[in-house]
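A.B. asks: Structure incoming, see below.
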Amino acid sequence: MELHRLFESQYKQLEESIDEIAERIGKLGEKTIGTLAEYSKLSVIKESPGIYSSSKDTLLELLNDHETIIVQLRRDIEDCAEKHKDAGTTDFLTALLKQHETNAWILRRYLD
């Protein structure tokens, strides 16, 4: 039950982030994507259909996914700050980065 609560908490955070990201994109005057096919095509995280992992393997996969996003966000933050001079998006992405770093830290604690 404890892992279920952990996964649910992270899922809810990600769900909120998706809405916030869509709002940020709209504020910048761009159109947001909305289909699973579009999300899948653009995602740096790939699914593993048909694989039913153990709890430990699920924690490891989730940790790896957060770490992948952390690396990507650091690149994006640098681009926003240096190339685009977009302080608002830089700040927004930094908040997302902190959230993923916290979630990764929590998962590492479960794996210790």
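Computed from the coordinates by the stated procedures, all read-outs in this text should not be read as laboratory data. The model shown is predicted, which means the values in this text are computed figures rather than measured ones. A quick note on method: Cβ atoms are made from the backbone with ideal geometry, for glycine too, and the neighbour counts reach across all protein chains shown.
A.B. asks: Take a quick pass over the chain and tell me how many lysine pairs come in under 23 angstrom between Cα atoms, counting only ones 8 or more apart or on separate chains.
C.D. replies: Close lysine pairs under the 23 Å cut-off: 15.
A.B. asks: Given the -39500 (n - 2.57) contribution per DSSP H run of 4+ residues, what per-residue ellipticity at 222 nm results for the chain, rounded to the nearest 500 deg cm²/dmol? Don't skip to the answer; put the middle values down first.
C.D. replies: Working: 4 runs with 86 residues, N = 112.
Here the helix-only value at 222 nm equals -26500 deg cm²/dmol.
A.B. asks: Here's another thing I want to ask about it. What angle, in degrees between 0 and 90 and rounded to the nearest 10, separates the Cα long axis of helix 2-27 from the longest principal axis of the Cα atoms of the chain?
C.D. replies: The angle comes out at about 10 degrees.
A.B. asks: Taking only Cα atoms and a 10 Å spring cutoff, compute GNM fluctuations for the chain and point out the largest among 34, 26, 50.
C.D. replies: 50
A.B. asks: Okay, next question. Rank these for me by crowding, 60, 96, going from fewest to most other beta carbons within 10 Å. Provide the component values of the computation, followed by the final result.
C.D. replies: Details: 60 15, 96 20.
Going from sparsest to densest Cβ surroundings: 60, 96.
A.B. asks: Using Cβ contacts closer than 10 Å as the measure, can you line up 91, 112 from fewest to most?
C.D. replies: In increasing order of surrounding Cβ atoms, one gets 112, 91.
A.B. asks: How high is the FRET efficiency from residue 42 to residue 8, r the C-beta distance, R0 25 Å, rounded to 0.05?
C.D. replies: Taking R0 as 25 Å, the efficiency between residue 42 and residue 8 is 0.50.
A.B. asks: From the phi angles alone, apply the Karplus equation (6.51, -1.76, 1.60; θ = phi - 60°) to the stretch 70-77 and give each ³J(HN,Hα) in whole Hz, x where the residue is Gly or Pro.
C.D. replies: 4, 4, 5, 4, 4, 5, 5, 4
A.B. asks: Can you tell me how the stretch 63-105 classifies by the Cα gyration tensor, rounded, prolate or oblate, using a/c under 1.5 as the rounded cut?
C.D. replies: It is oblate, given that a/c is not under 1.5 and a/b is not larger than b/c.
A.B. asks: With +1 on each Lys and Arg Cβ and -1 on each Asp and Glu Cβ, how big is the dipole of the chain about its Cα centre, in debye rounded to the nearest 20?
C.D. replies: About 100 debye.
A.B. asks: Using 0.36 nm per residue, how much length does the chain from residue 54 to residue 110 gain when fully extended, once their Cα-Cα distance is taken away?
C.D. replies: Working: separation 56, 0.36 × 56 = 20.16 nm, distance 1.37 nm.
Using 0.36 nm per residue and subtracting the Cα-Cα distance, I get 18.8 nm.
A.B. asks: Show me, for the stretch 34-43, the HN-Hα J-couplings you get by feeding each phi into the Karplus relation (A = 6.51, B = -1.76, C = 1.60, θ = phi - 60°), rounded to Hz, glycine and proline as x.
C.D. replies: The phi angles translate into x, 10, 4, 4, 5, 4, 4, 5, 8, 6 Hz.
A.B. asks: Given contacts defined as C-alpha pairs under 8 Å and at least six residues apart, what's the relative contact order of the chain, whole-number percent?
C.D. replies: Normalised by residue count, the contact order of the chain is 25 percent.
A.B. asks: Listing 71, 44 from the residue with the fewest other Cβ atoms within 10 Å to the one with the most, what is the order?
C.D. replies: If I rank by nearby Cβ atoms, fewest first, I get 44, 71.
A.B. asks: Classify the stretch 1-59 as rounded, prolate or oblate, taking a ≥ b ≥ c as the square roots of the eigenvalues of its Cα gyration tensor: rounded when a/c is under 1.5, otherwise prolate if a/b is larger than b/c and oblate if not.
C.D. replies: Note, shape of the stretch 1-59 comes out oblate.
A.B. asks: Which of the listed residues, 90, 105, 42, is farthest toward the dipole's positive end in the stretch 2-111, when Lys, Arg count +1 and Asp, Glu count -1 at the beta-carbon?
C.D. replies: 105
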